[in-house]
Every structure is written in C-alpha cells, then in structure tokens.
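Read the structure below first, then the notes.
Values quoted throughout were computed directly from the atomic coordinates according to the rules given, and no laboratory measurement underlies them. Since this is a predicted model, take the numbers as computed values, not measurements. Counting neighbours? That spans all protein chains shown, and the Cβs are built from the backbone with ideal geometry, glycine included.
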Amino acid sequence: MHRLYLHIYLTVVASLALFVLIAGLMWRQLADVSPQSQALEIVAALADAALPAAAEPRAAQQAALERLNARVHADLALFARDGSMLAAAGAPLPALERSGGGWSGGPMWATTLPDGRMFVARLLGHTRHPAFGLFIVLGLIALAVAVGAYPAVRRLTRRLERLQTSVEALGAGDLSARVTVEGRDEVSSLAQSFNRAAVRIEQLVGAHKGLLANASHELRSPLGRIRMGIAMLNADAKPQLRAELERDIAELDALIDEILLASRLDAVSEMEAREDIDLLALVAEECARLDATLEGKPVTVHGDRRLLRRLTRNLLENARRYGAGSPIEVGLREVAGERVELMVCDRGPGVPESERSRIFEPFHRPAGARAREGSVGLGLSLVRQIAQRHGGDAQCLPREGGGTCLRVELCKHQAETK
C-alpha cells in the first residue's frame, strides 16, 4: 500500500534535487561568460608580455617562466603549438592533449598566447571547478531541508493513520472508537467531526438496543395475561379458536426470544460462557427432537454451548419448515485442521440463487413467499451471527438432485470474532 507520508516526503526531496540540478546547470552555462573568462584573457596578455618570443631558445623561456613562478603561487608550464613542453616551473603538470581544437589537461587554467603557444597555470589548493562548490553547498541545503521535512510530514500522516484506524474500528462495531485531536488544522477538524459522528452513532445504536430490549420484555406481560385468559375460557369455547390463539402466542413468544438474543449478541462484545463442547453430542440431541439423520465423528469445539444449541436448532427448524416434509440429513466433520463444518440438508423446493445470500438477513423472505407457521424471520440471521462469534460463517448451497444445504463453518479454538 502506498503511504501518503512517503508521497509528500519524496515530492519535497525530488523538488530539492531538481532545484540543485537546474541551479548547477545554470551556473555551468553562466560560468562561460563570467568574469573568469575575462580574467583568462588578461592572464594571456600578461604572460605574453612577460615571456620571451617563441623563437627564443628554450633556456630563455625556462628562465622567464621560473621568474614568473617565483612571483605567483602556482605551477606553470609552457607548451608549443604541437603540444610539446617548452618550459615548466613548480610541480610537474600532466601532458596536454588536443580536444576539439582546444586544450584539456585536468583542473588547470590554460590560455593560448597570440603566437600559438599554450600557457598553463595550476593554482595551488584550487583543483575543482567553481560549479563543484556550488553543487556541494546546494546539496547540503537540500539534505538539511530533507532531514527537517521528514518529521513534519510524518507527524501529519501519522495523525491520518490514527484516524483511519479509528474509522475501521468503528466500522467493525467498536462504537467507543475515538481519535485524539491534535493541532488546529484541517486534520484536527476532521478528527473532531469523526468524534462527534461516533458519539451520535453510539447514542443512536444504544437507544435502539435499549428500546428493542425493553419492548421485548414489555411484551412478555400481555402475553402472560393472554395465556391466563385462554386458560380461563369456558369449556364450550371453540377448540379451533383456542388452538389459533395458542399458535399466535407461541409465535410471538418465539419472536421475542429471537429479538432478545439478537439484541444481546449486538450489545455484548464477548460470549457469556466459553467451554469445550462435544459438538456431535449436542447436534445429536437436537436431531433426535425432529427425527433427523446424523452422520459424523466426535468433534470438540471451544465456545458457548447455549448459542451453539440455538444455532443447531434454528438450522433444523428451518429445514423442517421449508423442506416440504422431506427427511432432514445432517453431517458434521472437521475440515482444514482447526475448522468444523456442519451441514443441514433437505429435499425441499430449494432457494433461488439470487436469494441465497439474502436469506441470512433479518426478517427477509423471498418475493412472493408466505410466512410459514412458527417462522419469525430471525432464525437464519442468528445462525450467521452465532457462527461469526465462533470464528466462522454460514452459507446457503444448492443440493445435487434438488433441495437446499445450509453450511455452517466454525473454528475449533480460535478467539471469537464478532
């Protein structure tokens, strides 16, 4: 993943490097027309006046060059037109070579005299082109700015990273996630806005959960009174009416149970009880209630016994309601080492492909489908929530030959995932 602080920092460093390069090139170009070139012309004129003519013997030229060397602090040399050395004073200079009609020979000053001889001087202690010093100075400035810019850039982006972490935590369900507000810039304003939004969301969700839980509990009282009223009905009351009322009460009671459990799963971050559970024995007990066939080997899962029982019961009840009276087949096996797979299959009409991921949504029913007896629309939603609490998930799969298989995967020992 590309980091913002690296983008900002590298932009600053690249800008500095470009500045140094352009400044150096400009210096290089301007150096050709600087007073330095004029100084070389003056040196050539003075050397021509101080040195004997080219036709003079080499001894005379050597003596003149030595006198000049004694007056200036430099190594001197005099070359003929063909490049041969005529005289030298001071430390030896490297041999010169023709290069594009001019002369080149290292970090020296060289100028052509009017008679064609080449006069070369090497100033003691000066061995670099002036542009080199400029590069050094600009490079040091760029390095200082780069070192100083990194902490500032990193501090800015670190605040953004903390904000990102809090946003992800809030999205994962941690409604208490907040960001420390630092500074008085746009990033701090963004952090304040996030904190205000997080507080508001936490309040709304808390109010929703409280209302849901309270309403569910309050419904218990009228249901109890209705039960008592049915029990006190006269013996001559219609049996059909009594059965219908009892069915409605049972459905309301089941709905309240499901709502309370769903609310508790949302409100509580950790499972109430975690223990090692023989999942095969637990599933066998539930299968015996509905005469479902079970195949599998003993598997131990670390989790909440009550929640796993509810998960298994909801899967079996769903197969009973929508399996069109077909036998219910249950399979339990270990997969991929630490994973456990629970399959509940029936031979009912099946679930359309477009609805397979949506049947785990609360109160969702396929278009045109009618509510079945005892169905409250939260059973499969709770199955997925419980599976996720145990490090797994739930899927709806088509069954070969017709029907549906509900597949639940659990983790045997992994810490719970909300």
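The table that follows gives values for the structure above.
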quantity	calculated
Point-to-point label distance, residue 250-residue 361, nm (Cα→Cβ direction, 7 Å offset)	3.0
Highest average packing first - 327-333, 112-118, Cβ atoms within 10 Å	327-333, 112-118
Neighbour-count ranking [beta-carbon atoms within 10 angstrom, fewest first] of 141, 277	141, 277
Inter-site label distance for residue 274 and residue 354 at 7 Å from Cα along Cβ, in nm	4.2
Relative packing of peptides 53-61, 68-76, 148-156 - highest average C-beta neighbours within 10 Å first	68-76, 148-156, 53-61
Pairs of Cα atoms farther than 18 Å apart, region 275-411, %	51
Full-extension gain in nm, residue 203 to residue 156, via 0.36 nm per residue minus C-alpha separation	13.9 nm
Extended-chain gain in nm, criterion 0.36 nm per residue less alpha-carbon gap, residue 189 and residue 326	43.2 nm
Theoretical gain in end-to-end length, residue 223 to residue 174 [0.36 nm per residue, Cα-Cα removed]	14.1 nm
Residue order, fewest to most beta carbons within 10 Å, for 286, 400, 246	400, 246, 286
